[in-house]
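This report refers to the structure that appears directly beneath it.
The values are calculated or read from the model by the stated rules, or taken from the named source; none is laboratory data. Keep in mind that this is a model prediction, so the values were computed, not measured. In this analysis, Cβ positions are derived from the backbone assuming ideal geometry, glycine residues included, and neighbour counts consider all displayed protein chains.
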Amino acid sequence: MSDLHKPSFIEKLSKKIFLFIWFFIKRTNPNAARRLLYWGITDQAFLTTVPRDSVLETHALGKTFQNPIGISAGFDTTFKYNDELVRIGFGFAEFGTFTYHKDRELEQTLFLSNQKAILVDTASWPNPGLQYLQKQLIDRRRLPHIAGISISSSIETEDKDNKEFYAMIEQDIIKSIQIVAPYCDFITLNLSHPNMPISNLIHMPFQLANLLHTMKDHIERHAPILTPKLVVKIPLETTDSNIPLLTDVFLQEGVDAVIISGFSGSKSQKQRLGNSHLKGFLTGKPIMEPSTLLLNKFYQASKGKITFIASGGVFNGEDAYRKICAGATLVQIHTALLYKGPDVANEINQKLALLLRQKGFKSVNEAVGSQYF
């Protein structure tokens, strides 16, 4: 192991003061704690020791990742913190989810429970719209870090079988690709929001295949040299009967990776946590097991021919290791950063490296899909 940065005494003291303030704020006002994290990342209030370990080097999407732990879409919806997130230990970052036009309010409302769960009170993907992000995208070109951009469409309709509606979605996605393709390493089509009509495409394999084919064509057209990879994010409520159909579509259309999965709208989970009266969607620890089981089912259905990125309920190295054994090559976190603070990526990576060695694996890639559930 080697360190990218060894904090000085003043930096360590600054970090302790920041964490002390942040700890108490997050217990009373999770939205304020989230804003404080943003400030701390920007101001480098918690510079940290970032370990490197050869066992964590991961090969995926035509890249070599320093480690497999990334930040998922939802944390940074303004494309500001790529460089800063790498400084606190993340191997990659995904930004957004962005829509072509500005969508609702910029800040989500968060409700934290004492069981490491978050209810996100949002009707769609709050973001400033891709038309407003040109400067951030141009600045991104100067950074060597691996970054993805999550895109989707907020176009709504009451008639979910309307062919003209899906043609409008396709045009919305094409316009987004034209903006982001030259500036990222992968583009994610986000189909994971239970409220948004675009998510119905997971039940419409023919139309989904057409959209993915169009996306691949336009990604190559608008970024012919450093062509971003195509990734799809699917919801937790994906049914078993849809798994073989979706797997065939992903293989047929050359999808480079699949993210499993988004947040849950499960009423039973809310009731168990005592939050059944709140609107919104559940993320965090309660979706760890169901999302891991779904991941493993997809991995088995694809016979290891698809790269999977795990998202949902990862809080420690053991969770990350379980996701990798279930079939994930890369792992994303979000809720854990809000709960555990800026050292969480390093903590996960250190434990993950230890587990990989204890189990006899020489790399992350060697452990992928090593366990069937």
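Things to note:
- Qualifying residue in the range 243-259 (condition: modelled with pLDDT under 90 and within 22 Å of residue 153 (Cα to Cα)): no
- Only one entry of 312, 274 meets the criterion of being of a type in the set (Gly, Ala, Ser), within 23 Å of residue 242 (Cα to Cα) and at pLDDT below 95, and that entry is 312.
- Filter result (part of a helix (DSSP H, G or I) and among the β-branched types (Val, Ile, Thr)) within the range 323-351: 324, 335, 344, 348
- Residue 124 being modelled with pLDDT under 80, touching a Ser or Thr at 6+ places or on another chain (Cβ under 8 Å), among the hydroxyl-bearing types (Ser, Thr, Tyr) and in a loop (DSSP other than H, G, I, E, B): yes
- Between 340, 285, the distinction of being in contact (Cβ under 8 Å) with a residue 24 or more places away in the chain, surrounded by fewer than 24 Cβ atoms within 10 Å (Cβ to Cβ), among the charged types (D, E, K, R) and out of contact with any Gly (no Cβ under 6 Å at 6 or more places or on another chain) belongs to 340 only.
- Failed item, numbered, when residue 90 is tested on (1) crowded, with 20+ Cβ neighbours inside 10 Å; (2) at pLDDT 85 or above; (3) not in a loop (DSSP other than H, G, I, E, B): (3)
- Selected residue (criterion: nearest to the chain's Cα centre (by Cα)) from residues of the range 176-210 that are more than 17 Å from residue 101 (Cβ to Cβ) and of a type in the set (Val, Ile, Thr): 188
- Top-ranked residue in the range 215-226 [being assigned to a helix (DSSP H, G or I) and in contact with a helix residue (DSSP H, G or I) (Cβ under 6 Å, 6 or more places away or on another chain); ranked as surrounded by the fewest Cβ atoms within 10 Å (Cβ to Cβ)]: 222
- Options 373, 361: the member that is hydrophobic (A, V, I, L, M, F, W, C), more than 24 Å from residue 25 (Cα to Cα), modelled with pLDDT under 95 and not in a helix (DSSP H, G or I): 373
- Where a residue in the range 348-371 is in contact (Cβ under 8 Å) with a residue 12 or more places away in the chain and closer than 16 Å to residue 330 by Cβ and its partner, wherever it lies, is surrounded by fewer than 18 Cβ atoms within 10 Å (Cβ to Cβ) and among the small types (Gly, Ala, Ser), with Cβ under 6 Å and at least six apart: 369/304
- The set of residues in the range 162-213 that are small (Gly, Ala, Ser) and part of a helix (DSSP H, G or I) comprises 167, 176, 181, 199, 209.
- Applying the criterion of being in contact with a Pro (Cβ under 8 Å, 6 or more places away or on another chain) and not in a helix (DSSP H, G or I) to the residues of the range 227-248, the residue that is surrounded by the fewest Cβ atoms within 10 Å (Cβ to Cβ) is 237.
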